[in-house]
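Take a look at the structure below.
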Amino acid sequence: MRYYTKEYYTLLLAQGAAELYEPIIEKEYSDEEIEDLYQQAMDRHIEEEREEYDQPPGLIIVDEDGPDSEVFELSIDAALAYENREPFDEEQSRADFEEMYRDNLEEPDEDLPDWVREAVDPRILAMYFMPEKIYRKLTAEDEINEKKFDALDDEADEKLEELRETLPEAYQEFFDVLEDLEDLYVTDIEITDDEIRMTLSGWDDDGDEEEKLLRFSSPEIIENEGVEAQSWEDEDGDVESDCELLYSELYMENGRPEVHMLFDNKGLKYLTFSCGEALAFYGLGTLAGHITLN
């Protein structure tokens with residue numbers, strides 16, 4: 001990758017790391033004091049959810065000259081639903097907080113720097129609290145990271161837009177296809193001397209789940225940091241995977257398509273290769289993009 005690098009993605013994730021947290025007094029907290037913080041955080045969570053639940057539906061400005069009857073009816077439905085709503089369920093709100101706290105303990109915030117997780121009791125972080133001195137240091141680091149990221153992001157936007165305009169038409173179309181596939185789960189990937197075949201879980205125009213397929217023939221591997229994919233269905237039947245395609249870049253080098261990819265696959269990993277032909281299929285064999293040397 002030349003622009004959407006590991007550094008770029010790491011800085012992206014680091015944006016606003018302190019924003020979710022509330023500073024608290026800098027001190028050593030006893031178990032009893034952490035219990036007090038827990039109750040304080042729960043009470044705040046319940047009151048915030050209660051306020052949101054009790055918030056009346058917003059007013060809709062109606063254009064008297066336009067076809068707005070449907071919009072007006074929707075506003076009436078929203079008002080009726082608000083008036084007839086069930087009482088706020090405080091017990092459910094309490095249970096939601098407890099579940100969030102357990103989840104945060106089991107899977108700590110990966111966007112926080114290691115030095116924060118090492119310095120703060122995980123129970124405190126799981127409640128979205130942070131000692132004031134560490135909070136101030138992290139806020140200062142956020143500002144530095146934001147400037148670094150903005151510089152890299154501006155460069156990526158500028159250079160890749162220029163690159164796209166210099167590519168042949170088929171490359172430009174495939175450039176857009178690869179961009180469309182960013183942030184999708186990779187459910188299967190096969191890399192052989194003859195072909196790279198990559199299956200992704202995506203959505204069609206109606207929002208229904210569909211498979212998307214990338215095929216690259218006659219690959220010449222430039223860099224492969226061990227990209228693999230394992231997928232499964234969650235309790236709701238939705239596809240999940242330990243491999244996600246984050247970014248792709250497309251170049252033409254020595255008359256061959258050259259593809260650069262960054263994956264989140266048990267860590268950030270690069271896959272870079274040139275190929276003789278590139279094909280993208282959506283759904284039941286619909287050809288979405290095609291590059292060939294012929």
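The values are calculated or read from the model by the stated rules, or taken from the named source; none is laboratory data. In this text the structure is predicted, and so the values were computed from the model without any measurement. FYI the Cβ positions are ideal-geometry reconstructions off the backbone, even for glycines, and counts take in every protein chain you see. We work out accessible area using only protein heavy atoms, side chains counted, and drop any ligands, DNA or RNA first. Shrake-Rupley method; radii C 1.70, N 1.55, O 1.52, S 1.80 Å.
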For the range 1-43 the number of residues that are modelled with pLDDT under 95 and among the basic types (Lys, Arg) is 1
Output for Cβ contacts, cut-off 7 Å, separation at least six or different chains, first residue in a loop (DSSP other than H, G, I, E, B) in the range 226-242, second of a type in the set (S, T, N, Q) and open to solvent by 40 Å² or more (accessible area, probe 1.4 Å), reads 242/230
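For residues in the range 69-107 being of a type in the set (S, T, N, Q) and at pLDDT below 90, which is farthest from residue 121 (Cα to Cα)?
Within the range 69-107, the subset of a type in the set (S, T, N, Q) is 69, 75, 84, 92-93, 104.
Still in the list and also at pLDDT below 90: 69, 75, 84.
Values: 69: 55, 75: 47, 84: 44 Å.
Ranking the candidates gives 69 first.
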Of the residues in the range 128-169, those that are under 16 Å from residue 111 (Cβ atoms) and among the aliphatic types (A, V, I, L, M) come to 130, 134, 138, 144
Going through the range 212-267 in order, the residues found to be of a type in the set (A, V, I, L, M, F, W, C), in contact with a Leu (Cβ under 9 Å, 6 or more places away or on another chain) and open to solvent by less than 70 Å² (accessible area, probe 1.4 Å) are 213, 214, 216, 227, 245, 246, 250, 259, 261, 262, 263
Picked from the range 224-265 (must be out of contact with any helix residue (DSSP H, G or I) (no Cβ under 8 Å at 6 or more places or on another chain) and among the aliphatic types (A, V, I, L, M)), the residue nearest to residue 1 (Cα to Cα) is 261
